[in-house]
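What follows is a single structure, and I will ask about it in a moment.
Only the coordinates and a few stated rules stand behind these numbers; no lab work does. Bear in mind that the values here come from a model prediction, so they are computed numbers and not experimental data. Don't worry about glycine lacking a Cβ; one is built from the backbone with ideal geometry, like all the others, and counts go over all protein chains shown.
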Amino acid sequence: MTALIVGASSGLGRVLVQTLAEKGYSLLLIASESRDLDAIAADLRLRFNSAVTYLALDFSVESDPGRKIQIVLQDLPPLRILLLPLGYSCFDDDFSSNTKQIDLLLKINLSAPLVIIQSLLPQLLANQGIVVGFGSIAAVRGRGRNVVYAAAKRGLQSYFESLHHRYEESELKSHFYQLGFMQSNLTFGLSLPPLPVTSPEKVAREVIRRLGCKSGTFYLPTWWGLIALVIKILPLKLFRKLKS
Amino acid sequence: MNLEKSPSVRGLALATTQYTSFDRQYSCSTSAQRPDRYRLIEALDDDMPRIARGSGVSYVAASFGQECTVQEMAAFNRFLAFDSERGLLKVEAGVRIADVLRFTLKHGWYLPVVPGHPAASVGGCIAADVHGKNPARDRTFHAWLQNIEIYHPARGTVSADSDVNTELFEASCGGFGLTGTILNATLRLVPAPSGMAIERIPVKNLGEAAWVLKKHTNVEMLYGWHNGLVSGGSFGRGVIWVGRPYDVLPIVSSTRARDLPSQLKIWPWRCWNHATLKAANTWLETRWRRADKITRSLAATFFPLNDSGPYFSAFGPAGLVEVQWLIPHATFFTFYEELEYLSSRLKPLIALMSSKLFVGNATGLGFAGEGIALSLQLAAPQKQHAFLEALTDLAIRHGGRPNLIKDSTLTASIVKQTIPNFTVLRTRLKQQNPGEVYCSELSRRLAL
């Protein structure tokens with residue numbers, strides 16, 4: 001069975017790839033640049049003897065990523081797992097973004113995952129597949145920062161809720177993870193509230209461990225569910241005072 | 001934290017980060033980047049001062065400095081190609097040397113020159129041109145390097161080896177990271193014996209140690225441990241470790257359950273003083289100062305520092321100073337006699353003294369040449385100025401060559417006096433660093 005990882009060259013995606021390689025999955029990796037994918041694929045082949053194929057797709061310019069992925073999948077074992085740990089945020093996503101920036105944020109965080117899932121649904125359904133998406137704690141309640149990013153991630157969550165609603169567990173499993181603070185290039189240098197920051201390794205282990213579990217939306221680490229609840233019910237006046 | 005992001009390159013993030021050298025003699029806050037994709041290495045403005053950082057385990061501040069953006073290369077830790085017929089391994093610069101050893105031993109090969117710290121990155125080993133367990137036989141890292149790919153904003157990414165871009169290749173080995181960001185390297189391996197038969201030879205003093213070292217030039221492992229707190233003709237009493245291949249043991253690829261971490265938890269106070277150091281040295285002498293032969297797996301012989309976490313932590317917040325001088329054979333005996341006198345007079349807190357034999361010619365700024373290398377680690381550096389000054393003077397008078405990557409007490413003036421052709425070598429280094437965009441505390445302190 002093939003596991004497809006979109007956003008495989010960085011942060012959580014890269015750790016997920018290694019975790020799956022250790023477990024012996026056949027892998028199809030997708031990221032924006034082939035020189036990064038080339039290095040990851042070589043490493044996985046040497047260290048884990050993995051069957052790895054990769055495809056460089058830049059979602060900021062790619063018009064039909066689903067079709068290109070379909071072509072590559074033709075030569076691989078049946079697709080069973082689709083992981084979408086891709087994401088992009090920018091510092092000035094605070095109502096000052098221009099059209100190009102908004103377009104990029106929406107493409108990477110929302111459009112690309114949706115287009116890819118829709119395109120691969122027939123294979124996933126045929127193989128009783130699993131699709132895993134990743135949201136962010138930043139999208140629990142809209143704020144004056146990460147405006148478009150949070151909107152896109154909330155949109156993605158809604159799409160996963162629709163998948164859950166439409167398909168039985170026996171047809172397709174859909175997992176959507178709301179991630180708390182995690183060490184990554186996205187959070188490097190950010191002034192974060194004084195809460196524990198988890199590692200991509202811990203998150204990846206948990207995501208892979210739960211692959212056989214029922215569909216749903218989950219918080220990782222799980223205690224972020226409580227924080228999210230507090231954020232949701234906090235009166236607006238108080239919520240506005242939370243700068244970060 | 002101060003965050004800047006350039007909208008021009010997706011994923012570029014810079015943040016102010018605090019760095020401290022391994023010997024704890026220099027700290028500063030500076031901007032840092034943790035690139036995890038190749039485009040992010042190239043994302044900084046072309047004229048932005050920078051330096052690549054591997055694991056940050058150099059004793060001195062070679063991988064950071066004021067107003068110099070640090071590019072942390074830890075994410076570039078992938079194995080790229082392995083030729084099991086010819087023993088060639090291509091790895092990214094951020095791969096840790098212990099991981100190289102684990103991988104190669106699994107395939108029946110090993111890299112002869114490996115530094116003491118398992119976390120040292122391959123890029124760091126090239127930049128410092130480190131030596132291994134017997135530099136007299138195996139020379140330095142340079143001797144086992146086939147090729148590098150290196151990025152500099154002025155010339156992009158180029159390949160360099162002994163045939164192509166030779167000057168860049170030579171300047172990068174022992175170039176302290178100032179010739180560009182090393183992206184990957186191809187290493188030359190040799191077939192691995194399954195283990196090492198290690199002989200312990202007790203020596204009465206440093207003079208006898210030099211004699212024993214010279215007698216065993218061609219063995220796989222050769223270094224000495226010495227007690228620096230005894231006098232009366234016994235200064236440097238200790239043991240020489242002599243390791244030869246041993247092929248009866250099964251090859252074991254794991255070094256230990258845990259490597260020494262690159263970041264140690266420093267104890268809140270200094271535990272090393274005359275009494276504790278004397279006790280520690282006595283304990284080690286009791287363990288080691290009798291002739292013995294043991295066999296160990298190759299993996300277990302490479303990283304003696306794995307057992308040294310508490311030793312380094314016990315230096316406390318003030319840290320330590322390591323000085324390492326290569327003293328020519330012709331002057332070594334008078335050098336050590338005068339060193340013994342200095343030590344008995346000034347009572348320095350010598351926590352560790354070790355010796356190695358060097359053979360060969362020094363062609364760059366790295367630590368190489370012919371003679372006996374003597375390393376001293378001193379506790380409470382702020383109280384050792386008199387001894388350190390006297391030792392420097394003594395080493396200079398005896399034709400000594402310092403190790404720039406280990407000794408944070410060195411100045412530009414000392415280096416100029418002790419490295420032959422220093423001005424020519426510095427010019428050669430600068431020619432490979434257009435605009436001098438690569439810099440560090442080390443390069444500024446030594447005017448490299």
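Taking K and R as +1 and D and E as -1, what net charge do the other residues with C-beta under 15 Å from the C-beta of A:L86 add up to? Intermediate results must be reported in sequence, preceding the final value.
Values: positive: A:R14, A:K107, A:K153, B:R10, B:R37; negative: A:E33, A:D36, A:D58, A:E62, B:D36.
That works out to 0.
How big is the charge dipole of the stretch B:117-240 about its Cα centre, in debye rounded to the nearest 20, if each Lys and Arg gets +1 on its Cβ and each Asp and Glu gets -1 on its Cβ?
Taking the Cα centre of the stretch B:117-240 as origin, the dipole is about 600 debye.
Assuming R0 = 56 Å, what is the FRET efficiency of B:T411 and A:Q70, from their Cβ-Cβ distance, to the nearest 0.05?
Computed FRET efficiency for B:T411 and A:Q70 comes out at 0.30.
Can I ask one more? Rounded to the nearest 0.05, what FRET efficiency do A:E171 and A:R35 have when you use their Cβ-Cβ distance and R0 = 56 Å?
E between A:E171 and A:R35, to the nearest 0.05, is 0.90.
On to the next question. Please list, ordered by chain and number, the residues whose modelled amide H lies under 5 Å from the amide H of A:S26; skip anything fewer than 5 residues away on the same chain.
HN-HN under 5 Å from A:S26: A:A3.
What list of ³J(HN,Hα) couplings, whole Hz, do you get for the stretch B:65-80 from phi and the Karplus terms 6.51, -1.76, 1.60, once you set θ to phi - 60° and write x for glycine and proline?
Taking θ as phi minus 60°, the curve returns x, 4, 6, 9, 6, 8, 9, 7, 9, 4, 6, 8, 10, 9, 8, 9 Hz for the stretch B:65-80.
Cross-link partners among lysines for A:K241, C-alpha distance below 24 Å, same-chain residues fewer than 8 apart left out?
A:K153, A:K232
May I pose another question? Report, in whole Å, the centroid distance computed from the Cα atoms of the stretch B:196-229 and the stretch B:368-414.
If you average the Cα positions of each part, the centres end up 21 Å apart.
Counting only other chains, what is the mean number of Cβ atoms within 10 angstrom of the Cβ of each residue in peptide A:90-98?
If you average over the peptide's residues, the count of other-chain Cβ atoms is 2.
Here is a further query. Evaluate the charge dipole of the protein assembly as shown about its Cα centre and quote only its size in Debye, nearest 20, assuming +1 on the Cβ of each Lys and Arg and -1 on the Cβ of each Asp and Glu. Walk me through the numbers before you get to the answer.
Details: 75 positive and 57 negative charges, 372 e Å.
With only Lys, Arg, Asp and Glu charged at Cβ, the dipole is about 1780 debye.
Follow-up question, since we're still on this one. Show me the ranking of peptides B:265-273, A:213-221, A:146-154 by mean Cβ neighbours inside 10 Å, starting with the highest.
Answer by packing, highest mean first, reads A:146-154, A:213-221, B:265-273.
Can you give the local net charge around A:Q74? Use residues other than it whose beta-carbon is closer than 14 angstrom to its beta-carbon, Lys and Arg +1, Asp and Glu -1.
Taking every other residue near A:Q74 into account, the sum is +1.
Applying a 10 Å radius around every beta-carbon, put A:92-102, B:351-361 in order of their mean neighbour count, most first.
By packing density, highest mean first, the sequence is B:351-361, A:92-102.
How large is ³J(HN,Hα) for each residue in the stretch A:28-35, as worked out from phi by the Karplus curve 6.51 cos²θ - 1.76 cosθ + 1.60 (θ = phi - 60°), to whole Hz, x for Gly and Pro?
Ordered by residue, 3J(HN,Hα) equals 10, 9, 10, 7, 6, 10, 5, 5 Hz.
Rank-order B:225-238, B:366-379 by packing density, defined as the average count of other C-beta atoms within 10 Å over each peptide's residues, highest first. Could the numbers behind the result be given before it?
Numbers: B:225-238: 20.9, B:366-379: 23.6.
Highest-to-lowest ranking by the protection proxy: B:366-379, B:225-238.
Classify the stretch B:1-134 as rounded, prolate or oblate, taking a ≥ b ≥ c as the square roots of the eigenvalues of its Cα gyration tensor: rounded when a/c is under 1.5, otherwise prolate if a/b is larger than b/c and oblate if not.
Details: a/c = 2.95, a/b = 1.55, b/c = 1.90.
Oblate, since a/c reaches 1.5 and b/c is not below a/b.
Report the GluC sites (Glu not before Pro) located in the stretch B:20-129 that are in a DSSP loop and have at most 10 other Cβ atoms inside 10 Å of their Cβ, or state none.
On the way: sites: B:E42, B:E67, B:E72, B:E85, B:E92; in loops: B:E42, B:E67, B:E85.
Answer by residue number: B:E85.
Rounded if a/c is under 1.5, else prolate if a/b is larger than b/c, else oblate: which is the protein assembly as shown, with a ≥ b ≥ c the root eigenvalues of its Cα gyration tensor?
Taking the square roots of the gyration eigenvalues as a ≥ b ≥ c, the protein assembly as shown is prolate.
Going by amide H atoms built from the backbone, whose H comes under 5 Å of the H on B:R50, apart from near neighbours?
Placed amide hydrogens put B:T69, B:Y438, B:C439 under 5 Å from B:R50.
Below 15 angstrom from the Cβ of B:V359, what's the summed charge of the other residues (Lys, Arg +1; Asp, Glu -1)? Let's see the in-between values first.
On the way: positive: B:K133, B:R137, B:R139, B:K214, B:K215, B:K356, B:R401; negative: B:D138, B:E220, B:E370.
That sum, taken over residues with Cβ under 15 Å, equals +4.
Another one. Scan around A:Y54 for amide H atoms under 5 Å from its own, H built in the peptide plane at 1.01 Å from N, and keep only partners 5 or more places away or cross-chain.
Result for A:Y54 returns A:L29.
For peptide A:42-54, what's the mean number of Cβ atoms from other chains within 10 Å of each residue's Cβ?
What the average comes to for A:42-54 is 3.
Helix-only mean residue ellipticity at 222 nm, the protein assembly as shown, DSSP H runs n ≥ 4 weighted -39,500 (n - 2.57), per residue, nearest 500. What is it?
-9500 deg cm²/dmol
Taking a ≥ b ≥ c as the square roots of the eigenvalues of the Cα gyration tensor of the stretch B:188-311, is the shape rounded (a/c under 1.5), prolate (a/b larger than b/c) or oblate?
oblate
Just tell me how shielded B:418-428 is by partners: mean number of partner chain Cβ atoms within 10 Å of each residue's Cβ, no decimals.
0
Among B:I414, B:I51, B:I41, A:I71, which comes first, second and so on when ranked by fewest other beta-carbon atoms within 10 Å? It would help to have the intermediate numbers written out before the result.
Values: B:I414 18, B:I51 26, B:I41 21, A:I71 10.
With the sparsest Cβ surroundings first, the list reads A:I71, B:I414, B:I41, B:I51.
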